[in-house]
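Trainee: Supplied in structure tokens, the structure appears directly below.
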Amino acid sequence: PDEYMTIDGKMDEEVWQDKNVLSQTIKGVSWSATTHFTDKGLYVGVSATDNTMTYKTRYTSRSVIYVYLCKTGTQTYNINNPSYHQGRNYVFQLDPYYCRSKSRIPYNYKAYVEGELNSETKCTMTAELFLTWEDLYYTQEELGENGYPEDIQMYVNYEGEKSEILGTC
């Protein structure tokens, strides 16, 4: 990562301030996501606030934010089937302790939780994810004069305690 970025999950760096965000509040759960581009790579910052945020096991029984990334213009849905093309999205599952890359893309990740998990009291999780453009398979031709693309497609959803998807942007 860039020297001014500390991947600690706290999103306290200046670059996270005054950003455009995807955000949603459903059934008392709020979440948001934003990005920051540099010539080194893509930073994704996410936050979720939930009264029933859980973590029991690494792959199941946990609150998780799903982040789907792909190059702008990539067809991400199969026109013959309503599901998305797994191979055309880079999928990351961000939970209070781990990040799981379904696409096996290398990354730097850290989450920070305010509150007590599994306690039925309000918790807020913030997380930072860093990926290089090379690891996202961008070519030099696809990177602009600043060393990064103009945009990227990002889809985000939050899955709460009961594996109920609580909104997608």
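Trainee: So, Y112, is that one of a type outside the set (G, A, S), in a strand (DSSP E or B), at negative phi and at pLDDT below 90 or not? Can you show your working first?
Mentor: Numbers: of a type outside the set (G, A, S): yes; in a strand (DSSP E or B): yes; at negative phi: yes; at pLDDT below 90: no.
Answer is no for this residue.
Trainee: Yes or no: the range 124-136 includes at least one residue that is touching a Cys at 6+ places or on another chain (Cβ under 6 Å), among the aliphatic types (A, V, I, L, M), buried (at least 16 other Cβ atoms within 10 Å of the Cβ) and not in a loop (DSSP other than H, G, I, E, B).
Mentor: We begin by selecting, within the range 124-136, every residue touching a Cys at 6+ places or on another chain (Cβ under 6 Å); these are none.
Looking through the range 124-136, none of the residues is touching a Cys at 6+ places or on another chain (Cβ under 6 Å), among the aliphatic types (A, V, I, L, M), buried (at least 16 other Cβ atoms within 10 Å of the Cβ) and not in a loop (DSSP other than H, G, I, E, B).
Trainee: Can we say Y68 is closer than 24 Å to E134 by Cα and at pLDDT below 90? Even if it seems obvious, please write down each step before you answer.
Mentor: Working: closer than 24 Å to E134 by Cα: yes; at pLDDT below 90: yes.
Yes, satisfied.
Trainee: Can you find, within the range 41-56, the residue that is modelled with the lowest pLDDT among those that are open to solvent by less than 10 Å² (accessible area, probe 1.4 Å), more than 27 Å from E145 (Cα to Cα) and in a strand (DSSP E or B)?
Mentor: The qualifying residue modelled with the lowest pLDDT is D50.
Trainee: Going through the range 135-153 one residue at a time, which ones are in contact with a strand residue (DSSP E or B) (Cβ under 8 Å, 6 or more places away or on another chain) and closer than 22 Å to T6 by Cβ?
Mentor: Listed by number, the residues that qualify are D135, L136, Y148.
Trainee: Moving to a separate point now. Taking the range 144-162, which residues are crowded, with 16+ Cβ neighbours inside 10 Å and more than 25 Å from V64 (Cα to Cα)?
Mentor: Quick first cut of the range 144-162, residues crowded, with 16+ Cβ neighbours inside 10 Å only: 148-149, 152, 154-161.
Hits for the range 144-162 are Y148, P149.
Trainee: Filter the range 104-117 down to the residues that are in contact with a Phe, Trp or Tyr (Cβ under 7 Å, 6 or more places away or on another chain) and open to solvent by 40 Å² or more (accessible area, probe 1.4 Å), then identify the one that is farthest from M5 (Cα to Cα).
Mentor: Looking only at the range 104-117, we keep the residues that are in contact with a Phe, Trp or Tyr (Cβ under 7 Å, 6 or more places away or on another chain), and these are 105, 107-108, 111, 117.
With the extra rule that they be open to solvent by 40 Å² or more (accessible area, probe 1.4 Å), the set shrinks to 107-108.
Working: Y107: 14, N108: 11 Å.
Only one residue tops the list, namely Y107.
Trainee: Output the number of residues of the range 20-38 satisfying the condition of being under 15 Å from the mean Cα position of the chain (by Cα) and open to solvent by 20 Å² or more (accessible area, probe 1.4 Å). Lay out the reasoning, then the answer.
Mentor: As a first pass, look at the range 20-38 and keep what is under 15 Å from the mean Cα position of the chain (by Cα): 20-24, 30-37.
Next, only the ones that are open to solvent by 20 Å² or more (accessible area, probe 1.4 Å) stay: 20-24, 30, 32, 35-37.
Here the count works out to 10.
Trainee: Continuing with this model, one more query. Give the range 23-40 a look and list any residue that's closer than 19 Å to M53 by Cβ and either in contact with a strand residue (DSSP E or B) (Cβ under 7 Å, 6 or more places away or on another chain) or not in a strand (DSSP E or B) (or both), or say none. Working first, answer last.
Mentor: In the first step, residues of the range 23-40 are kept if they are closer than 19 Å to M53 by Cβ; the result is 23-33.
S23, Q24, I26, K27, G28, V29, S30, W31, S32, A33 - these are the residues of the range 23-40 that are closer than 19 Å to M53 by Cβ and either in contact with a strand residue (DSSP E or B) (Cβ under 7 Å, 6 or more places away or on another chain) or not in a strand (DSSP E or B) (or both).
The values are calculated or read from the model by the stated rules, or taken from the named source; none is laboratory data. From a predicted model like this one, the values you see are computed outputs, not experimental measurements. Virtual Cβ from ideal backbone geometry, glycine too; neighbours counted across all protein chains shown. The protein model used for the area step is the full one, side chains on, heavy atoms only, and it has no ligands, DNA or RNA in it. Shrake-Rupley method; radii C 1.70, N 1.55, O 1.52, S 1.80 Å.
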